[in-house]
4 protein chains.
Amino acid sequence: MFRKYKLGACLPTFGSCADRFCLSGYGKGGRTMEEMLDLASKVEGLDGLELVSNWHVNERNIRYVSKLFKDKGFEICMIVPDLWTQAKWGNGSIASSDAKIRKQAIQEIKKSIDWAAELGCGYVDIWPGQDGYDYPFQADYLDAWKRMRDAIEECAQYNKKVKVLVEYKIKEPRTHCFVSNAAKVILLLQGIKNTGCLLDVGHSLAAGENMAEAASLLAGNRMLSYLHLNDNYRMWDDDLLVCSIHVVEYLELMYWLLKLKYDGWLTLDIFPYREEKVAAARNSFEWIRYLFERIEKIGLDRIEKVIKSSDGNLVSSLIREILGGNPRLNSRR
Amino acid sequence: MFRKYKLGACLPTFGSCADRFCLSGYGKGGRTMEEMLDLASKVEGLDGLELVSNWHVNERNIRYVSKLFKDKGFEICMIVPDLWTQAKWGNGSIASSDAKIRKQAIQEIKKSIDWAAELGCGYVDIWPGQDGYDYPFQADYLDAWKRMRDAIEECAQYNKKVKVLVEYKIKEPRTHCFVSNAAKVILLLQGIKNTGCLLDVGHSLAAGENMAEAASLLAGNRMLSYLHLNDNYRMWDDDLLVCSIHVVEYLELMYWLLKLKYDGWLTLDIFPYREEKVAAARNSFEWIRYLFERIEKIGLDRIEKVIKSSDGNLVSSLIREILGGNPRLNSRR
Amino acid sequence: MFRKYKLGACLPTFGSCADRFCLSGYGKGGRTMEEMLDLASKVEGLDGLELVSNWHVNERNIRYVSKLFKDKGFEICMIVPDLWTQAKWGNGSIASSDAKIRKQAIQEIKKSIDWAAELGCGYVDIWPGQDGYDYPFQADYLDAWKRMRDAIEECAQYNKKVKVLVEYKIKEPRTHCFVSNAAKVILLLQGIKNTGCLLDVGHSLAAGENMAEAASLLAGNRMLSYLHLNDNYRMWDDDLLVCSIHVVEYLELMYWLLKLKYDGWLTLDIFPYREEKVAAARNSFEWIRYLFERIEKIGLDRIEKVIKSSDGNLVSSLIREILGGNPRLNSRR
Amino acid sequence: MFRKYKLGACLPTFGSCADRFCLSGYGKGGRTMEEMLDLASKVEGLDGLELVSNWHVNERNIRYVSKLFKDKGFEICMIVPDLWTQAKWGNGSIASSDAKIRKQAIQEIKKSIDWAAELGCGYVDIWPGQDGYDYPFQADYLDAWKRMRDAIEECAQYNKKVKVLVEYKIKEPRTHCFVSNAAKVILLLQGIKNTGCLLDVGHSLAAGENMAEAASLLAGNRMLSYLHLNDNYRMWDDDLLVCSIHVVEYLELMYWLLKLKYDGWLTLDIFPYREEKVAAARNSFEWIRYLFERIEKIGLDRIEKVIKSSDGNLVSSLIREILGGNPRLNSRR
């Protein structure tokens, strides 16, 4: 089951991870794209990498990038327009009340679409992280929503070969982002062709969602297009190694991905601030392999039967069995 | 502005409030409906009361109830089908995988619709609180969703004079309820005529929503039909007195209700466990009056201007001014 | 390792579990103590049961209770004074500003101590759940703290054969309980002999604690006296079956219990609202067995080495190995 | 009442605020200390500024700094040793398991103490933000605790003229910081002379505390030495403008500061990412003035009476009155 999925990683996984206190990052800083690629090459089974526009790919280097990744044997699985690293996006990008900024944001996305098309990449990921608000009385919710829909529609029509995905997140960098959960993405994209949702597992957890349920809702609306994997403690987007904490929920997610016949990428979006990057990626993929192997061993049918029972006791036994324990209840000490 | 709204309360506000530790309730227990009505009569300005089916209204007492409330001068603003007080609903009502239970649930709702029609009440409130799950691997999310839609559709078509509302909540009594946030209600009800959403302020806070944004999203989809007011600490449905904690968010909500031209009920859904009930209701309404008066004094136009600015500093000054403080920044100590 | 611990359960585990919406409980209601004991007898390996004063044990039935439990082969591992099931405790028990109530609370505790002594039980558990506040401006924090200390001191001196434990919880039934986390218990009990802490895993999770760290802090202050086991989603005391969600944190807790040489009871405090009770207890104990077996297999030394490394990658591999997966990173697909 | 307090601000309030996505900051970057001071000078009533060691003050510039601040009329209210901006602290500072790092951390603190003494500043603020862990099984809680105590003790004895404060925070930059709440600070510092606690309001909210209760607990243990003011949404240290959200809790805090006879600094620790800095500081101080004026108007005695009553209805009326509303309950519409 594991083999059917392509495995990806965001390129910055192999850079230096910074936070607002340690702005130069905890790792070795200043790695070039080539150095990050060299690290990525050490991760067995890695099929593709995500690039951020302007940072990694731009007008001048695109041919070089195309050749570089081909030579290294990597697909480019996603181009992410940069709508969040510059001060000018601070009050919003595609939802900005400033028409000029909004136009620039759309322009950024279209550039990314062009680059994606040229690089043979089928997706761009709009993450409207700066589109939101920090205080009550700071946003016109209806106007913002309309602007986002219009912008996405314009971008989605731009090139049918590149699908426009929207990644939701409940907070950070704003205290409130407009596109905060899976159901809102569906509402936002309804009726706009050539669009879909990027489900980031950590964003789903932080939004108070069960990620398997979120995936089901999206798939039921034909909008589950791409996944970002990581983990956290449900309060914040900690971007921990995959399956660090939510082993049970991760098992359930993987079951549902199989059940929903998801066939897209499984891409790491981790921030290994203090960890060696190659090992962090390897560990994350080993966890994914572990999850699929465990589910395969039990079998989808047995799992489905337990789900249909809705019986908490059968669930408890099942999970213990999946994790290699004894499912029975009557064993003597 | 305050006067344009009808004020309601859930009848159990005037009963004894119990929790899972003190099952007999913290107040004087065993009050009859007549005694609760007598207490309600002491709350100036109260226009209507919500009743729960079977508890307060049933086949045998409906004519009596109708006369009783008319005599006391109260409208009946809502009939709530009982889908959550009996053990049989423990594994779900309209989403239950047991067809028999599901049928009973639909039957309960239809009875409530009949009673609402007879009592001149325009709404029933489906709160599918038991429809959810407690553990991962315990629910078939897609099946459950489909069942809920089918059930609601059947009920909504039953009597066009009574609108079928759905009240969302993220958790309790299940650790996860299926209909958890405003966007999900919209998805659930899309395309089903004669339906709408009941926005409970505390449920919105517990779902990680900003309640003004939730109201806007619902109104933008023509589904903001009814409001429940209370307050909490964002983690749980504490059902505190109105405006106990979230004064700023409440101000913003009231501004948006005016802006969105909401003209429905403002109904208390508080659980004054340890407080005298009449005073708790009065206090809650005084807070609502306070909020509207403050907004009226500043004026919608000035507020709108600040919102359009998206400037956190202007917001800070505005709120301080609304609360009777000095909006200026350059005053000497 | 598993065998060194005595296994307990709160007697109401085998009763009917109610919540504020379904007050009669989701299970078969009205079970007698004898019926609950019969259910408990079906749980292999169960050594003892917790009783609540007045509910289960009282002046009139104590001799009968003593014989009954002896005949069934159960120890009584804890007597819990009832400071939370009656309306009179609604505004507090040992911290109440009403001297009369406070005196009654102390009287209740002393009665429980007497009964514990008579039943050969070494502990009473003070859970001051009603001692707290629901609103800002509702409590004099310093006075309340002093009253609690005085009350506990008086009780702790009453009978040296029965140790007085305090169980902390951050909220419920109050929105804020005074004794909210492990560090506060230590402060509260410092210098008072014959006292200790009851660490409820779910309360620890809801308090934002890592439960292994809480256990360490308590043990480092010689106050880790007793454990309640269950699980939840970190927001509320859901009282789920043991290890339903926090498998990794539970593994860490069990490692630290061994490391800290904890040798007390492992007692279930679960609320299997919708689950068959005997299976819920069995499942919970099987999970505990699973945890200890897994840790034993890896060995404390190897775990300690990883902890000393502070390396997130080594941690990730270790946990995967503990759960039966492949610890290596370089395996081919 | 307001006048009795000295008002401070962290110097970076007037710089450019960055986050992990927009590393160059949302404001104008690269402001010199002199430029930040010029901005600070525009804030009426500002008495002092906090400096971070190495960033703002160091061996070479200390005489210049001393003169500069004197000339501008500012006290230096706090020196913060830099234990969190460099990669070398990534796995901890005073709790690090690496003795060399630990020694360096202590050295940093002592340097800060020297500079504080030279600058006439009475405090250094140890914020052990990097001392914690990100994953389960990544920390030896007992060892870490002991190391922190030893380090703090060594620093506290170094110069009796400079008090060593500890600032707690539950998370960020680690997912779990060791010194996470007020009670833990008290445990950590017990018996170590010349120490105290820095209570950051936002850290208290994020720790699940009510900040007035935290202040009382600290003051009751003679450890409430200094305050940082800001606001957030309880999930994260958003560092919003003072009183943006928690108006009611802020009122309660100010009441208790007066009641507890706190006479230290009220210092802003805000991150006005997208806001003009001078106005953000002014707004925050105007809110503080507002809070004290409102409390003064009602009077401490009336507030105390309500607190003693523990009556939620009296609390509700009181707060409404404090905010300029009608406290009565029987008013007609």
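The values are calculated or read from the model by the stated rules, or taken from the named source; none is laboratory data. Not measured: the values here are computed from a predicted model. FYI the Cβ positions are ideal-geometry reconstructions off the backbone, even for glycines, and counts take in every protein chain you see.
Looking at C:ARG234, is it on the phi < 0 side of the Ramachandran plot and touching a residue at least 24 places away in the same chain (Cβ under 8 Å)?
Taking the combined requirement at face value, the residue does not satisfy it.
With respect to C:ALA182, determine if the residue is among the hydrophobic types (A, V, I, L, M, F, W, C), crowded, with 23+ Cβ neighbours inside 10 Å and within 9 Å of another protein chain (Cβ to nearest Cβ).
Yes: the conditions hold for C:ALA182.
Answer with yes or no whether D:ARG149 is within 21 Å of the chain's Cα centre (by Cα), on the phi > 0 side of the Ramachandran plot and either surrounded by fewer than 24 Cβ atoms within 10 Å (Cβ to Cβ) or facing chain C (nearest Cβ under 10 Å) (or both).
no
Among the candidates A:ALA105, A:ALA9, A:ALA116, single out the residue that is closer than 21 Å to A:LEU240 by Cβ, of a type in the set (A, V, I, L, M) and away from chain D (no Cβ under 14 Å).
The match here is A:ALA9.
Condition first: surrounded by fewer than 19 Cβ atoms within 10 Å (Cβ to Cβ), of a type in the set (A, V, I, L, M) and in contact (Cβ under 8 Å) with a residue 40 or more places away in the chain. Can you find one or more residues in region A:1-15 that meet it?
Yes.
Checking C:ASP131 against (1) charged (D, E, K, R); (2) farther than 25 Å from D:ILE303 by Cβ; (3) in contact (Cβ under 8 Å) with a residue 40 or more places away in the chain: exactly one of these is not met. Which one?
It fails just one condition, (2).
Restricting attention to region B:209-241, report how many residues are in contact with an Asp or Glu (Cβ under 9 Å, 6 or more places away or on another chain) and more than 9 Å from chain A (Cβ to nearest Cβ).
14
Any chance region A:109-119 includes a residue that's closer than 23 Å to B:LEU314 by Cα, in the same structural domain as A:ASN194 (by TED's automatic domain parsing), surrounded by 24 or more Cβ atoms within 10 Å (Cβ to Cβ) and among the hydroxyl-bearing types (Ser, Thr, Tyr)?
Checked region A:109-119: no residue is closer than 23 Å to B:LEU314 by Cα, in the same structural domain as A:ASN194 (by TED's automatic domain parsing), surrounded by 24 or more Cβ atoms within 10 Å (Cβ to Cβ) and among the hydroxyl-bearing types (Ser, Thr, Tyr).
Can you name the residue in region C:185-199 that is more than 14 Å from C:LEU227 (Cα to Cα) and not hydrophobic (A, V, I, L, M, F, W, C) and, of all such residues, is nearest to the chain's Cα centre (by Cα)?
C:THR195
Filter region B:85-97 down to residues that are of a type outside the set (Val, Ile, Thr) and not in a helix (DSSP H, G or I) and give me whichever is farthest from the other protein chains (Cβ to nearest Cβ).
Top of the filtered list is B:SER93.
For A:TYR168, work out the one condition from (1) in contact (Cβ under 8 Å) with a residue 40 or more places away in the chain; (2) within 14 Å of chain B (Cβ to nearest Cβ); (3) in contact with an Asp or Glu (Cβ under 9 Å, 6 or more places away or on another chain); (4) more than 22 Å from B:ASP134 (Cβ to Cβ) it doesn't fulfil.
The single condition A:TYR168 does not satisfy is (1).
Could you go through region B:128-143 and let me know if any residue there is among the acidic types (Asp, Glu), out of contact with any Ser or Thr (no Cβ under 9 Å at 6 or more places or on another chain), surrounded by fewer than 22 Cβ atoms within 10 Å (Cβ to Cβ) and assigned by TED's automatic domain parsing to the domain that holds B:LEU23.
No, region B:128-143 contains no residue that is among the acidic types (Asp, Glu), out of contact with any Ser or Thr (no Cβ under 9 Å at 6 or more places or on another chain), surrounded by fewer than 22 Cβ atoms within 10 Å (Cβ to Cβ) and assigned by TED's automatic domain parsing to the domain that holds B:LEU23.
Of the residues D:GLY122, D:GLY132, only one is out of contact with any Pro (no Cβ under 7 Å at 6 or more places or on another chain) and over 26 Å from C:LEU314 (Cα atoms); which?
The unique qualifying residue is D:GLY122.
Scan (1) within 19 Å of the chain's Cα centre (by Cα); (2) within 14 Å of chain B (Cβ to nearest Cβ); (3) assigned to a loop (DSSP other than H, G, I, E, B) for the single condition C:GLY30 breaks and write down its number.
Condition (1) is where C:GLY30 drops out.
Of everything in region A:197-208, what is in a helix (DSSP H, G or I) and either of a type in the set (D, E, K, R) or more than 14 Å from chain B (Cβ to nearest Cβ) (or both)? Give them in sequence order.
A:GLY202
Tally the residues that are surrounded by 19 or more Cβ atoms within 10 Å (Cβ to Cβ) and within 12 Å of chain C (Cβ to nearest Cβ), restricting the search to region B:33-55.
Selection size over region B:33-55: 1.
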